[in-house]
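Please read the structure below before turning to the comments.
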Amino acid sequence: MNNHEVIRIYTDGACTGNPGPGAYASILTFGEKEKILIRHFRKTTNNRMELLAVIDALKAVKKKHIPIEIYSDSKYVVDAVNMGWLAKWIRKGWNKVKNPDLWQEFSTLYQLYLPKMYWVKGHNNHPYNERCDKLAVEAILKPDPEVDLYYESICANNT
């Protein structure tokens, strides 16, 4: 399989404080084409940003029958798939799962695309991971952040 037959997704989430202002960046590549996604939020967590980066990247995929590889420095996201946690959470009805809103959305997209998940060590000179990190950190400082409604209405009240 050559580079033109795989969609590669690179993601990173960032948060100033945890919880605090947060953002993510995703870079999707297909052959020589590249698409960058960035969002930033008023108050959220690093794990929510890591997971949302993958969700929004999968939503941006337009080609349905091309293999997808996802590269993330988040063990929270990668291990959920590779260690079987996601399947267990589904079987148990999402009981006691943090961020169930995002995991349920991810689960639907995961079952549609069945991407391969790869962990990359963060801040270790991986070019795409470094770019995503830089873009996410810069985005935190931008004006007019979105509101993470689920987090601010549900999670923040339970801490």
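The values are calculated or read from the model by the stated rules, or taken from the named source; none is laboratory data. The structure presented is a predicted model; accordingly, all values stated were derived computationally and were not measured. Note that we place each Cβ from the backbone using ideal geometry, even for glycine, and neighbour counts take in every protein chain shown.
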**Asked** Looking only at residues in segment 142-159 that are surrounded by 11 or more Cβ atoms within 10 Å (Cβ to Cβ) and at pLDDT 95 or above, which one is farthest from Arg42 (Cα to Cα)?
**Response** Lys142
**Asked** Looking at (1) surrounded by fewer than 14 Cβ atoms within 10 Å (Cβ to Cβ); (2) of a type in the set (D, E, K, R); (3) touching a residue at least 40 places away in the same chain (Cβ under 8 Å), which is the one condition that is false for Glu105?
**Response** (1)
**Message:** Just checking, does segment 46-60 include any residue being modelled with pLDDT of 95 or more and touching a Cys at 6+ places or on another chain (Cβ under 7 Å)?
**Reply:** yes
**Asked** Hey, among Asp79, Asp73, which residue is surrounded by fewer than 21 Cβ atoms within 10 Å (Cβ to Cβ) and either under 16 Å from the mean Cα position of the chain (by Cα) or not basic (Lys, Arg) (or both)?
**Response** Asp79
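Can you confirm whether Ile9 is closer than 18 Å to Met117 by Cβ and touching a strand residue (DSSP E or B) at 6+ places or on another chain (Cβ under 9 Å)?
In short, yes.
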